[in-house]
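All remarks here apply to the structure that follows.
The values are calculated or read from the model by the stated rules, or taken from the named source; none is laboratory data. What you are looking at is a predicted structure, and each value in this text was computed from that prediction instead of being measured. Counting neighbours? That spans all protein chains shown, and the Cβs are built from the backbone with ideal geometry, glycine included.
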Amino acid sequence: MNAVLSERGAASGALEIRPLTDALGAEIFGVDLREPLSAALTARIRAAFNKYGVIFFRDQPLAPQQFIDFTRSIGEPAPSTAMPAVPGFAPLHVIQKEEPDQNWVIGGSWHTDQSFRAIPVMGTILIAREVPESGGDTLFIDMTRAFATLSEDLKRT
């Protein structure tokens, strides 16, 4: 596991970036996403996203407008065309099971969010409000790394 990266300057203390694996993902601590982010802090978060591909912020009780504000600090939202917006909060969408016995999962197969767009989105920002005690996992893969590890013949194919 890589060392924890730390930087002073977040309003709530030191910004910590903890890589989760050697390949993909990091957790970010020491930032309150309910507060406006400085340009320097936003740059650090974007750099972490670019480096680790997936970043996680734990225990961030964001209200809808705070979530939108955080999203806009990272980039311009590109609302989904596949589901209705949250009333009064147009860039937001809720992904949830409508019925307790619903046996299909939204996005339940490998996919890349919004990849059909002429200009694909930079990423997807999610908040998990209710999660099961087990299962319900969202899995991530680093396709750049997967491609890089292919043989040259397979890359050409």
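Per-residue answers, yes or no, for (1) under 19 Å from Ile55 (Cβ atoms); (2) of a type in the set (D, E, K, R); (3) at pLDDT 80 or above:
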| position | (1), (2), (3) |
| --- | --- |
| Glu76 | yes, yes, yes |
| Gln96 | no, no, no |
| Pro100 | no, no, no |
| Gly108 | no, no, no |
| His111 | no, no, no |
| Pro120 | yes, no, no |
| Pro132 | no, no, no |
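Condition check ((1) closer than 17 Å to Ile127 by Cα; (2) among the small types (Gly, Ala, Ser); (3) at pLDDT below 90) across all residues:
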{"site": "Ala10", "(1), (2), (3)": "no, yes, yes"}
{"site": "Leu24", "(1), (2), (3)": "no, no, no"}
{"site": "Ser38", "(1), (2), (3)": "no, yes, no"}
{"site": "Gln60", "(1), (2), (3)": "yes, no, no"}
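Within segment 22-36, being closer than 18 Å to Arg46 by Cβ and in contact (Cβ under 8 Å) with a residue 40 or more places away in the chain holds for Leu24, Gly25.
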